[in-house]
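Single-structure report; data block below.
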Amino acid sequence: MQLKKYIDNGYLISDKIMQENEVTSLRDSLDREFTNHNDVQKLLHFFKDEKLIKKILNLYSHDILKNIKKELSKFSETQVSILPHFLVQKNYHVNLSKVHGWHRDCGGELQYDYCNKILGGQKYLFSKVAFYLQENNEYGGSVDIIKNSHKNFSKLRIFFRKIKSLPFKVITLFHKYFRKIYNFLPENMFMFILGAKRLYPQIGTAVLFDSRIIHRGSPISKKKLKEIKYIEGAYQADTPKHVTKYTIYCHIGTTNALDSYFYDRLKRKNSGEELKTWLEQVDFISKFDSELSSEMTKVLEPIKKKYSTFV
């Protein structure tokens, strides 16, 4: 049932993994970790609090996620693993007055035929796995998705994807050239035109969403924008303390999907740094969870060998 939801919708919300008191404790620990007001995101292996590191890794080793992973492995017919990089963001927000925020995580891969063949495969599997430690409300807090935008990636159906992407392209241009009008009009109108949906996951659940789906972090509402100060040059908002946003991210996927991901990433500026970071995290995590580290190594080892010149 969970697998069908993921394939049909491009996302999946798990059963509850954390109870309310556990979420509160985790948020308190993150408040202490993010002592620098300018910190908007931190990689897990730079955390100082080892108990907090264990708390976060335990989320991704929970039986509920293990069962989802088993279902996804059956679907992909190959090894599926939780993967780096493990990242925590604090008050990371899209500023609607500057950007609309919609994107695909695989966007850079679309320029390469090599990647498109992988992205269009029936067994393709690569997703973010997120824990949103607050409700989704007028201050944001979770994720918006454009329904069915993860579909039509095979060579025979690219035309249909491009046709269905026309509203997205039109609104992107509208936001770019008529921003004042865009900011005046209700965001729900644009959500309707895009066929978009705001997710309201229960706090303490995990949210998986396909790398190919068009999505964005649910933005702070236009009504609240005047009350919020954004940090110049960063996706960081200075919000009231009671609506501080925390998101924990990592990936889940297969070696084949990772091949496409790194084919693109290793052609970018500072190529190799991300792959090194992933491998550093796997080594770091081995000190806390040898089973998870071993699983990640199995999926990453062929990528490490193929792109050894970058390591």
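The values are calculated or read from the model by the stated rules, or taken from the named source; none is laboratory data. Quick caveat, the model's predicted, so the values are computed rather than measured. All Cβ positions, glycine included, derive from the backbone under ideal geometry; neighbour counts span all protein chains shown. With ligands, DNA and RNA removed, areas are computed over all heavy atoms of the protein, side chains included. Shrake-Rupley method; radii C 1.70, N 1.55, O 1.52, S 1.80 Å.
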statement: Ranking 177, 132, 263, 230 from most to least accessible area with a 1.4 Å probe gives 177, 263, 230, 132
- prompt: Considering the chain as a Gaussian network with a 10 Å cut-off on Cα pairs, which listed residue, 72, 185, 133, attains the greatest mean-square fluctuation?
  reply: 185
message: What's the longest uninterrupted piece of the chain once you rule out the GluC sites (Glu not before Pro) that are loop residues per DSSP with at most 14 other Cβ within 10 Å?
response: 139-231
message: Please compute the per residue accessible area over the chain with all protein chains in place, 1.4 Å probe, rounded to a whole number of Å².
response: 51 Å²
message: Out of the total accessible area of the stretch 1-102 (probe 1.4 Å, heavy atoms of protein only), what percent is carbon and sulfur?
response: 48 percent
statement: Everything considered on the Cα gyration tensor (a ≥ b ≥ c; rounded for a/c under 1.5, else prolate if a/b is larger than b/c, else oblate), the stretch 176-241 must be described as oblate
task: Please give the calculated 222 nm ellipticity per residue for the chain, where each DSSP H segment of at least 4 residues contributes -39500 (n - 2.57) and the sum is spread over every residue; nearest 500 deg cm²/dmol?
output: -12500 deg cm²/dmol
Approximate spin-label separation residue 61-residue 8, in nm, with each point projected 7 Å along Cα-to-Cβ: 3.5 nm
- request: Using a 10 angstrom cutoff on alpha carbons, build the Gaussian network for the chain and name the most mobile of 15, 238, 113.
  value: 113
statement: Of the listed links 16/69; 123/155; 74/164; 180/245; 69/245; 90/241, those spanning more than 18 angstrom between alpha carbons are 74/164; 180/245; 69/245
task: Quickly work out the residue 283-to-residue 156 label distance, labels modelled 7 Å from Cα along the C-beta direction, and quote it in nm with one decimal.
output: 4.6 nm
- line: Which of 203, 220, 231 fluctuates most in a GNM of the chain (C-alpha springs under 10 Å)? That residue is 231
statement: So for the stretch 149-206, using the alpha carbon gyration tensor with a ≥ b ≥ c as root eigenvalues (a/c under 1.5 gives rounded; past that, a/b versus b/c decides prolate or oblate), I'd call it oblate
- line: Whole-percent carbon and sulfur contribution to the accessible surface of the stretch 232-311 (1.4 Å, no ligands, DNA or RNA) stands at 47 percent
task: Could you list the trypsin sites (Lys or Arg not before Pro) in the stretch 183-249 that lie in coil according to DSSP, counting only those with at most 14 other Cβ atoms within 10 Å of their Cβ?
output: 223
Potential extension, residue 170-residue 20 segment - 0.36 nm per residue separation minus Cα distance: 49.9 nm
